[in-house]
1. Just the number, please: carbon plus sulfur as a percent of the accessible area of the chain, 1.4 Å probe, no ligands or DNA/RNA counted.
2. If the cut-off is 21 Å between C-alpha atoms, which lysines fall inside it for LYS54, apart from same-chain ones fewer than 8 positions away?
3. With a ≥ b ≥ c the root eigenvalues of the C-alpha gyration tensor of region 130-179, is it rounded (a/c under 1.5), prolate (a/b larger than b/c) or oblate?
4. Going by a ≥ b ≥ c, the root eigenvalues of the Cα gyration tensor, does the chain fall in the rounded group (a/c under 1.5), the prolate group (a/b larger than b/c) or the oblate group?
5. Tell me the Kirkwood hydrodynamic radius of region 49-123 in angstroms, computed as one over the mean inverse distance between distinct C-alpha pairs.
6. Which of the three applies to region 98-196, rounded, prolate or oblate, going by the alpha-carbon gyration tensor with a ≥ b ≥ c and a/c under 1.5 meaning rounded?
7. Give me the accessible area per residue for the chain, probe 1.4 Å, as a whole number in Å².
8. Can you tell me which lysines have their Cα less than 29 Å from the Cα of LYS221? Leave out same-chain residues fewer than eight positions away.
Amino acid sequence: FEIAEINPNKFLPSLTDLEKKLERLIGEQERLGGVNLLAEKEAAELEEKVSTIKKDQADLLSAIIKLREAIDTLNTEGRQRLLASYGIVNEHFQKLFVQLFGGGKAYLRFTDESDPLQAGLEIYASPPGKKLQNLTLMSGGEQALTALSLLFAVFMSNPAPICVLDEVDAPFDEANIDRFIGVLKEFLGWTKFVIVTHSKKTMTAADTLYGVTMQESGVSKRVSVRFEDVSED
């Protein structure tokens, strides 16, 4: 009775019920299939894999947090540097605009001042005798002078040893060319300029001229002239 866990004081089920229960248990056993003797080992391997995956997940989450902190730090520093450079360039741009135009006023402005890193940059200019307007509404010559003012403003904030200008003076009249040459001379202390031009007035401000001529049909020849050599002769 103890081994079979049978209470002798209770009636036993009928033989038919016991046979049905036995058949049901045998069917459940068959559906379970054979006994996997490696189940314990496989369970341990799976637990190890799960543990490794959880550790990798924790490392990834930690890396994501650190990356976001680094991005925030870079954005903060980048925003500070951008605003500092923007202020310097904007100041130079305003002065050079007045110098190149002989008056007027101009300034730069972010399209979205709340987020300078994602914003664009708008140029507002007012040549002498005209209303303040966007760069796109100005004439070709005014746009060229304004763009040149911005170019030199950037150049003043971070000058390079050499600068190449390709026919930037093409839309200028003589008065504008004189002011353009005056600005160039201010940079000569730390920058050398290579200028492609067809303007004789611009050429007269150069130290050396290089040209290409065709004395014979189909034969090009380079010609160079140093004004210092010419003046000595």
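1. Accessible surface attributable to carbon and sulfur in the chain totals 56 percent.
2. Partners within reach: LYS41, LYS66.
3. It is oblate, given that a/c is not under 1.5 and a/b is not larger than b/c.
4. prolate
5. The Cα-based Kirkwood calculation yields 15.7 Å.
6. Note, shape of region 98-196 comes out oblate.
7. Accessible area per residue: 75 Å².
8. By straight Cα distance, LYS221 reaches LYS192, LYS200, LYS201.
The values are calculated or read from the model by the stated rules, or taken from the named source; none is laboratory data. Everything quoted here is computed from the prediction, not taken from an experiment. Glycine gets a Cβ as well: all are built from the backbone with ideal geometry, and neighbour counts include every protein chain shown. Just the protein is used for accessible areas: all its heavy atoms, side chains included, with ligands, DNA and RNA removed. Shrake-Rupley method; radii C 1.70, N 1.55, O 1.52, S 1.80 Å.
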